[in-house]
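Enquirer: After the structure tokens below, expect a handful of questions from me.
The values are calculated or read from the model by the stated rules, or taken from the named source; none is laboratory data. Keep in mind that what you see is a predicted model, and the values were worked out from it rather than measured. A quick note on method: Cβ atoms are made from the backbone with ideal geometry, for glycine too, and the neighbour counts reach across all protein chains shown. Note: areas computed on protein heavy atoms with side chains; ligands, DNA, RNA excluded. Shrake-Rupley method; radii C 1.70, N 1.55, O 1.52, S 1.80 Å.
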Amino acid sequence: MHGTSKLSDLIEQIYDAALEPALWNDVVVSINDFVGGHACGIFSKDSSSQSGLTHYYCGADPHYIQLYSQTYARFDPLTTLPPLGQVVSIPDLVNYDEYRGGRFYQEWLRPQGCVDAANVVLEQSSSNCAVLLTVLSGARMIDDERRRRIAQIVPHAHRALLVNKTIGLKQSEAATFSDTLDGLSTAIFLVDAACRIVHANTAGHDMLRADDFLRSINGQLIARDVRSNQTLREVFAENANAPGVKGLALPLTAHDGERYVVHVLPLTAAARTATGKAYKAVAALFVRKVALDSPSGELVARIFELTPAELRVLLAIVEVGGVPETAAALGVAETTVKTHLHRVFSKTGTSRQADLVKLAAGFSSPLAN
């Protein structure tokens, strides 16, 4: 497996594409490299008409991309769309031995030197129409490691596509942009290179009025926690003209113990123009409460193969804090919590409790109303 792209760099690319959709062309190349695929693409599939349209791809001959849209979309195994966020390969969808005798495999997949494909729904606007990520396997079947790598990027790609869809950069005027942000329950702040607030949506103003873990002092966005505020300042201090601003997920805690996460998304020149704040805004900050509802928790458990006990520990870490607090909340010994937590770290590829908070944040959309 190649996997030469670092996950953090790939996630940063994905968030760049959230604000400049043309960058998805580069993102699919990086995803393919990170996963170790033969080819990779983002496409739309209508399970009712069985039509398909590829939006971005790499590693595949354009001839086969055209053939898919014209002929073979209706023969592929995705007759029924899998649940949002669930990574599936061809044997998960159909009888593989029978499938190999069909037209899709014999005339479309096999001639490309591939035997399997991983698919995952990234965004679903209706019950029968979805945007999917697909990775063609090459000569080997999709294995657990490639599934795990795809699962790591799914929540970030899902969020980026929602940003694409909500903002609509090419069509949005400044007033429409502002109205769209005000309609979201997530607090959103557009800030300049000194972290001064250029624009805040209604939820953002409500958060500032609460004067809790975030506040505005002389127009500058300030985190009450000294260490978190320093981290935020350092992100913007790297380059006063904004090219150095990096993507970031920063956990914060309110006075009542509720946990929040701040996602910092750098704005490209095109995105800044679309906001109507081209002369100032260099980043968008999305701030929301971290919580895993039942469907999100089930999705995390399914993707990372967590046992019920491991999921309970993960949920408690996210909701109440450290090992002692989790042990008290669950009514178990601290040694038991530590054992399960070690297994959760191993399965999710994390090493700190703060990383688990960020992981949990990735599985619920920051733009959900």
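Enquirer: Let's test the formula: R0 of 35 Å, r as the Cβ-Cβ distance of Thr71 and Asp179. What FRET efficiency results, to the nearest 0.05? Working shown, then result.
Expert: Values: r = 42 Å, r/R0 = 1.21.
Calculated transfer efficiency: 0.25.
Enquirer: Still on this structure, I have one more. For Thr202 and Arg227 in one chain, what is 0.36 nm times their gap in residues minus the Cα-Cα distance, to one decimal in nm?
Expert: Numbers: separation 25, 0.36 × 25 = 9.00 nm, distance 2.69 nm.
Net length gain for the segment: 6.3 nm.
Enquirer: With equal scatterers on the alpha carbons only and no solvent term, can you work out the Debye log10 of I(q)/I(0) for segment 108-148 at 0.16, 0.24 1/Å?
Expert: -0.50, -0.80
Enquirer: Something else now. At 1.4 Å probe size, what's the solvent-accessible area of Asp256? Round to the nearest 10 Å².
Expert: Per-residue accessible area (Asp256): approximately 110 Å².
Enquirer: Ok, one more. At 1.4 Å probe size, what's the solvent-accessible area of Glu107? Round to the nearest 10 Å².
Expert: Its accessible surface works out to 70 Å², give or take rounding.
Enquirer: I've got another one for you. If segment 24-95 were replaced by its equivalent ellipsoid, with semi-axes equal to the square roots of 5 times the Cα gyration tensor eigenvalues, what would those be, largest first, whole Å?
Expert: With the √(5λ) rule applied to segment 24-95, the semi-axes are 20, 16, 11 Å.
Enquirer: With a 1.4 Å probe and all protein chains in place, put Ile222, Ile90 in order of accessible area, largest first.
Expert: Ile222, Ile90
Enquirer: Out of all DSSP beta bridges with both ends in segment 39-191, state the antiparallel percent to the nearest 5. Working shown, then result.
Expert: Details: 25 of 26 bridges.
The antiparallel proportion sits near 95 percent.
Enquirer: Based on the alpha-carbon gyration tensor of segment 193-232 and its eigenvalue square roots a ≥ b ≥ c, which shape applies: rounded if a/c is under 1.5, prolate if not and a/b is larger than b/c, or oblate?
Expert: It comes out oblate by the Cα gyration axes.
Enquirer: Between segment 47-73 and segment 13-29, what is the separation of their alpha carbon centroids in Å?
Expert: Cα centroid to Cα centroid, the span is 20 Å.
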